[in-house]
Amino acid sequence: MRNQYVAFVLDEQRYALRLSAVDSVVHAVRVTPLINAPDIVLGVVNARGQIVPVIHVRRRFHLPEREVAPKDQLIFARTAKRAVALVVDRVAGIVECGDHDVIEAQRILPGADYVEGVIKLKDGLILLHDLDAFLSLDEAASLDDALEGNRGA
């Protein structure tokens, strides 16, 4: 069976999301800060009338932080519970591979909560990102509270 992923880059390390979870990719736009949001949330953007939280992927993966630049991209995707946008350096394209090319994360990276697996390609490895595990239960509840609190403002 062939699987399709959207590959993206952060500091020259490649990551991927399942293509089925991705809605669109756009150039970075101004992110509006969200009061009382969890540390992992950079703010929110308006996407076709919907307020979407922007996830600070660099912070989650403990990468050096930097300001969002105009050349960065936003990946709009869906978790099981909400729409989110991820700030990435750039989208590298669509990767297609077979089941045998994906190694389950727990086999080689025990405790890597945000990584679903590793995709083996001829030109290197790609960390497969588990979007549904990206926010902890506390972060998700805190985000819900922040979003609700800002609706009334």
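For the range 87-106, filtering for residues that are more than 13 Å from the chain's Cα centre (by Cα), buried (at least 18 other Cβ atoms within 10 Å of the Cβ) and not in a strand (DSSP E or B) leaves 1.
Applying the condition of being closer than 21 Å to D11 by Cα and at pLDDT below 90 to the range 31-54 and asking which residue is farthest from the chain's Cα centre (by Cα) yields D39.
Within the range 49-81, if we keep just the residues that are out of contact with any strand residue (DSSP E or B) (no Cβ under 9 Å at 6 or more places or on another chain) and surrounded by 14 or more Cβ atoms within 10 Å (Cβ to Cβ), the residue that is nearest to V118 (Cα to Cα) turns out to be R60. Residues in the range 1-21 that are assigned to a loop (DSSP other than H, G, I, E, B) and either touching a strand residue (DSSP E or B) at 6+ places or on another chain (Cβ under 7 Å) or on the phi < 0 side of the Ramachandran plot (or both): M1 alone. Of the residues making up the range 85-106, those that are touching a Leu at 6+ places or on another chain (Cβ under 8 Å), farther than 12 Å from G117 by Cα and not charged (D, E, K, R) are A85, L86, V87, V88, I94, V95, C97.
From the list R48, R78, R30, R58, the lone residue that is touching a helix residue (DSSP H, G or I) at 6+ places or on another chain (Cβ under 8 Å) and free of Cβ contacts under 8 Å to residues at least 60 places away in the same chain is R78.
Exactly one residue among V84, V41, V26 is surrounded by fewer than 17 Cβ atoms within 10 Å (Cβ to Cβ) and more than 19 Å from A105 (Cβ to Cβ), and that residue is V26.
The values are calculated or read from the model by the stated rules, or taken from the named source; none is laboratory data. None of the values given here were measured: they were computed from a predicted structure. Note that each Cβ is placed from the backbone with ideal geometry, even for glycine, and that neighbours are counted across all protein chains shown.
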